[in-house]
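Since the structure comes first, as structure tokens, the remarks are kept for the end.
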Amino acid sequence: MLKITNLHVSVAGKQILNGVNLSVNAGEVHAIMGPNGSGKSTLAQVLAGREDYQVTSGAVIFEGRDLLAMPAEERARAGFFLGFQYPVEIPGVNNVYLLKAALNAKRKSAGLPEVDAYEFLSLIKEKMKFMHMSESFLTRGVNEGFSGGEKKRNEVLQMLVLEPKLAILDETDSGLDIDALKIVSEGVNSLRGPQRATILVTHYQRLLDYIAPDQVHVLGGGRILKSGDKSLALELEKRGYDWLVESAVA
Amino acid sequence: MSAGPQVEALLGQKYRHGFVTDIESDSLPPGLDESVVAAISRKKGEPQFLLDWRLRAYRHWLTMKEPAWARVHYKPIDYQDISYYSAPKAPANAPKSLDEVDPKLLATYAKLGIPLHERARLAGVAVDAVFDSVSVATTFKDKLSKAGVIFCSFSDAVRNHPELIQKYLGSVVPTADNFFAALNSAVFSDGSFVYVPPGVRCPMELSTYFRINAAKTGQFERTLIIAAEGASVSYLEGCLPGDEEITYGDELRSVRDVAIGDTVLNSLGEEARVAKIMRRGYAGELVVITPRSPANRFSVTPEHPVLVIPRRTVQRGTRGPGRLADLDTRKLSAATPQFIPAGELQVGDLLCYPINTVERDVPSISDDFLRLLGYYIAKGCVTQFNHCPAVEWSFGSHEPGLVNDVVALVERLTGKRPSVSHDRPKNGVCVVTYSKELCYLMETHGGKYAHGKRFSKTFMDLPPARQKLALQTYYLGDGSVANRGNLRGIRAVTVSRQLAFQLQEVWSRNDVFVFIHRRAAFAETMRDGRSIRHREAWVLYHSEGARSRRAIRHNNVFLVPVLKIDRIPHQGYVYNFETLSEPHSYLVKGFAVHNCTAPMRDENQLHAAVVELVALDDARIKYSTVQNWYPGDENGIGGIYNFVTKRGECRGRNSKISWTQVETGSAITWKYPSCVLKGDNSVGEFYSVAVANNFQQADTGTKMIHIGRNTRSTIVSKGISAGHAENTYRGLVKILPGAEGARNFTQCDSLLLGPRCAAHTFPYMEVRNPTATVEHEASTSKIGEDQLFYCLQRGLSAEDAVNMIVSGFCKVVFKELPMEFAVEAQNLLSVSLEGAVG
């Protein structure tokens, strides 16, 4: 589904990613871990099409298409979703209105009829119930005045509505209490299926207790230092990242 | 957050309507002195008190200096270079017929109290299109006068209600108030007057719309609104685009939908981009050209060049016009079409109908689908049975061949066999298939409802041979054939005007020119006494067989003779386009014309209006403005200087005045709608959205002067800057010693799009009463790449994202606008900020 080959990325002249290789197949869940500043968020943003980042070399193929050649909105319509680490507030723009516009943009590009307000309302109410969100979310502005946990929950809600083929969740677990973490994890798990894949960017092993990954990767110094199964996450929790980073330097 | 390349890309916007307020008219020469002031007053037949008042204002104006404190920069205005009086010529005819107007439009206009546009005489109008300025619908005047409301032009008010004018004129904005108000007082030409008597709620929203377009009040207008004790009125000032219709060659469109960057067809039948759209005031004659296909009739200004082969250059003998038989084929094949001003055309000249050469095949559209689409357009509709979307075709029981054909096509396309039901009493057969997808596709490519049937753009671009598949099945369903000797006459009738012209184009691409004429609506009495009302319809006709063709194919055009030329007087706007590439031409009702050579003015024009509102005890006045005057081009050339004084006085207790404005136009806006809160418990409100793009400069805000006890005021100002624009909020809240318990709340927010624009906020406060409460909130934010990227990542286009973010920002103000205006304002906003189209 996604194949990243030798990806090099710089921001404002500073090299952040130094040859990332990663391939994710349909049906899989991958976790990317790593110390602060290792390039995890950069990777997520580059894949989503953020313009401030320069890809200096490398290739990314998503569903057989050259992802890097597609503008951000095209990527989204093709089924790529980014759960933001820091979702922005857009005052005055209704949360549901944005989501409906997003869904319809996607459907339109797939040649499907747009959903009308009534259909959409019943769809979103069902998803909100699943995410344990109160109906007041329907009338509020996008992330306007949301708490940190509410913002993250809103990201997962959007994901459930848009049903992406590939979702990258950038530290969606940070700032969540245990109950919220469970709900968010349930949301993510509900989308698991043979046609879809998920990449979790996280600092904590805790999330992986709820969402069992097929593979765990450690990112450090702009490349993947080590890949393994779930036990690698447990080992990281015990030993930290230093041993990996050091051995990479050596 | 840095504004990155995406935000910048969105700012390369050009304005949609440039216009020139010049009209050929009864004008005074440029210059200003006492004799000019006196001449204006004399021309308008004013009483002595008004002349004295004007002269006082003029003398005071001479002692004043142009204010320099606003954050706007412009070249000095030469006040001796302006013509201060120009009355439009009275239009010679005032026809009235509303039959042809889109009912939706009428409904909107009715709500707004806007006059109805008769379109009968303009049925063929396309490019130099038209506002009818004459027809002030009398219906709403009756309603108003029943309620006792006086709503008329300022001149009429001077004639018929001089006592009210004398009492209230200048009582809110004195002649000596400021430089521009003094100038206006001396030379104002006309404007609007409203008086709502005690206890009356004005039964409808009043609008300046028709005043501006009917009376051409020009640069120095004057508005006076008085709401007597307990009265209330809502007044809209603004410029709504009209319902003029433009043709794109393959499709007819209303002028308001034509945008820079749109693709139109040129005289070679190729696509051309619209680079500039111009609108100008025009008083004079229009040439109405009726070709031998009367529905293709169109009007242009006399100087507008039209592509023709003049008949005399290719004539063999001197047989009657309109006949092709006497044309010399050798001369004809050697002739080249030329652009000739419409005013010089003669009956019999050959107009050029270029054949669309654009071809974009879409292989995923199958031949079966195209054949089914033809049947759909002729006989089908999209409907619902038991909440299931369905497509239904209705045939007569004598058409089993067609029924079987449709059944087979549906089955091949959907894999499902449609149901066929017979309605014996009515001799009908229905084919129904339940397929949401097919519903969607049919609607997308074929339109909806009989009068809304039309082909999609995708279809119109398919190769002619493929289009013919749909054409054939359409004619099987809706066509009829009459044999006359060896001539086969082929006819089709449709109630969709759009479809008629599309069929004409599709036929032309298949080497046949079909003629269209309009059949007016009529009622028919059946033999059993029932009466059937037929809608207006378009009849397409062509013939096959010997000597049948009446339009000649000449290279890549059809030559169609002019049948008739009429001249009609016209006063109002005319439109023109400029295309990006050679040749600078486009199609009007299918016929080729050149860009009109009339220039768009480059100099700036001064607009200095004064608006006075008076609210007596318990009265309410709501004044809403949507202003989208020409702001100049993207380099800051041209545009209107808008120096306006607007002030309302809450003279009585418990009175309320509310200003709502959406300002997207003008090169310079200098405008501070204000409230003087004299009466105890009176309320003043100001809600504003000001958009400045490119080199626009806006210095706007409000003044709230609290004089009475317990007076309250609210200020909400939203400024949006883009490009190199400067947007300044300037507000004064003044609380005088007597204003016990006065309260004010002010909120000023600025939004910046891009790195080169600026926003300034100057809130002045003078509080001289310790019991007063004054609150102020201000913010400046940028549409950052973060917000934009967030929306893009959810699949929205950049343009939709910016529109969404900006209208979110303005939401509080839009809520204050009357509904129709709010929609208009939203549209204006997206136009003002649109860019990077294509």
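The values are calculated or read from the model by the stated rules, or taken from the named source; none is laboratory data. Since we're looking at a predicted model, the values are computed, not measured. Here the Cβ positions follow ideal geometry from the backbone for every residue, glycine too, while neighbour counts run over all protein chains shown.
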*asked:* Tell me whether the range A:158-175 contains one or more residues that are away from every other protein chain (no Cβ under 14 Å), in contact with a Lys or Arg (Cβ under 6 Å, 6 or more places away or on another chain), farther than 25 Å from B:Lys811 by Cβ and among the hydrophobic types (A, V, I, L, M, F, W, C).
replied: no
*Could you check, for the range A:56-76, whether at least one of its residues is over 24 Å from B:Cys810 (Cα atoms), surrounded by fewer than 18 Cβ atoms within 10 Å (Cβ to Cβ) and facing chain B (nearest Cβ under 9 Å)?*
yes
_With the structure loaded, tell me whether B:Ser750 is on the phi < 0 side of the Ramachandran plot, within 14 Å of chain A (Cβ to nearest Cβ) and in contact with an Asp or Glu (Cβ under 6 Å, 6 or more places away or on another chain) or whether it fails that test._
no
*Working only within the range B:31-49, note down all residues that are assigned to a helix (DSSP H, G or I) and surrounded by fewer than 17 Cβ atoms within 10 Å (Cβ to Cβ).*
B:Glu34, B:Ser35, B:Ala38, B:Ala39, B:Arg42, B:Lys43, B:Gln48, B:Phe49
*asked:* For the range A:40-54, which positions are away from chain B (no Cβ under 14 Å) and either at pLDDT below 90 or surrounded by fewer than 19 Cβ atoms within 10 Å (Cβ to Cβ) (or both)?
replied: none
_Condition check: at the interface with chain A (Cβ under 10 Å from one of its Cβ atoms) and either under 30 Å from B:Ile705 (Cβ atoms) or at pLDDT below 90 (or both). Does B:Gly784 satisfy that?_
yes
*Within the range B:445-467, identify whether any single residue is of a type in the set (Phe, Trp, Tyr) and within 14 Å of another protein chain (Cβ to nearest Cβ), and answer yes or no.*
no
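Okay, residues lined up against (1) touching a Leu at 6+ places or on another chain (Cβ under 6 Å); (2) at pLDDT below 95:
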| residue | (1), (2) |
| --- | --- |
| B:Lys646 | no, yes |
| B:Ile668 | no, yes |
| B:Val683 | no, no |
| B:Tyr687 | no, yes |
| B:Val691 | no, yes |
| B:Asn694 | no, yes |
| B:Asp699 | no, yes |
| B:Thr702 | no, yes |
| B:Ile707 | yes, no |
*Please work out which one of (1) more than 15 Å from A:Val161 (Cβ to Cβ); (2) in a loop (DSSP other than H, G, I, E, B); (3) more than 7 Å from every other protein chain (Cβ to nearest Cβ) is the condition A:Glu114 fails and give its number.*
(1)
*the range B:671-682, subset within 11 Å of B:Asn654 (Cα to Cα) and among the polar types (S, T, N, Q), residue surrounded by the fewest Cβ atoms within 10 Å (Cβ to Cβ)*: B:Asn681
*Candidate set: the range B:683-704, residues that are surrounded by 24 or more Cβ atoms within 10 Å (Cβ to Cβ) and closer than 18 Å to B:Val173 by Cβ; chosen: the one farthest from the chain's Cα centre (by Cα)*: B:Met704
*Which one is nearest to the other protein chains (Cβ to nearest Cβ) among residues in the range A:77-86 that are within 24 Å of A:Glu150 (Cα to Cα) and buried (at least 22 other Cβ atoms within 10 Å of the Cβ)?*
A:Leu82
*Scan the range A:117-129 residue by residue and report those that are surrounded by fewer than 22 Cβ atoms within 10 Å (Cβ to Cβ) and either hydrophobic (A, V, I, L, M, F, W, C) or facing chain B (nearest Cβ under 7 Å) (or both).*
A:Ala117, A:Phe120, A:Leu121, A:Leu123, A:Met128
_Test: B:Val431 is in a strand (DSSP E or B) and touching a strand residue (DSSP E or B) at 6+ places or on another chain (Cβ under 6 Å)_ = yes
_Elements of type strands (runs of 3 or more DSSP E) in the range B:311-421, at least 1 residues being acidic (Asp, Glu) and in contact with a strand residue (DSSP E or B) (Cβ under 6 Å, 6 or more places away or on another chain)_ = B:388-396
*Go through the range A:87-110 residue by residue and tally those that are within 7 Å of chain B (Cβ to nearest Cβ) and of a type in the set (S, T, N, Q).*
0
*Scan (1) modelled with pLDDT of 65 or more; (2) under 28 Å from the mean Cα position of the chain (by Cα) for the single condition B:Asp511 breaks and write down its number.*
(2)
*What are the pairs, 6+ residues apart or on separate chains, where a residue within the range B:325-336 that is surrounded by 13 or more Cβ atoms within 10 Å (Cβ to Cβ) and at pLDDT below 80 has its Cβ under 9 Å from a residue that is among the polar types (S, T, N, Q) and part of a loop (DSSP other than H, G, I, E, B)?*
B:Asp326/B:Thr318
*Does A:Glu28 satisfy the criteria of being among the acidic types (Asp, Glu), within 11 Å of chain B (Cβ to nearest Cβ) and either within 18 Å of A:Leu160 (Cα to Cα) or surrounded by fewer than 22 Cβ atoms within 10 Å (Cβ to Cβ) (or both)?*
no
*If you scan the range A:55-97, which residues turn out to be modelled with pLDDT under 90 and outside any loop (DSSP other than H, G, I, E, B)?*
A:Ile90, A:Pro91, A:Gly92, A:Val93, A:Asn94, A:Asn95, A:Val96, A:Tyr97
_Test result for B:Gly708, in contact with a strand residue (DSSP E or B) (Cβ under 9 Å, 6 or more places away or on another chain) and not in a strand (DSSP E or B)_ = yes
*Look at B:Leu350 and say whether it is surrounded by 15 or more Cβ atoms within 10 Å (Cβ to Cβ) and modelled with pLDDT of 85 or more.*
yes
*Would it be correct to say that B:Val614 is at pLDDT 65 or above, outside any loop (DSSP other than H, G, I, E, B) and on the phi < 0 side of the Ramachandran plot?*
yes
_the range B:795-808 residues that are at the interface with chain A (Cβ under 7 Å from one of its Cβ atoms), paired with ones that are of a type in the set (Val, Ile, Thr) (beta carbon under 7 Å, 6 or more apart)_ = B:Met804/A:Val93; B:Ile805/A:Ile90; B:Ile805/A:Val93; B:Ile805/B:Ile783; B:Gly808/A:Ile90; B:Gly808/A:Val93
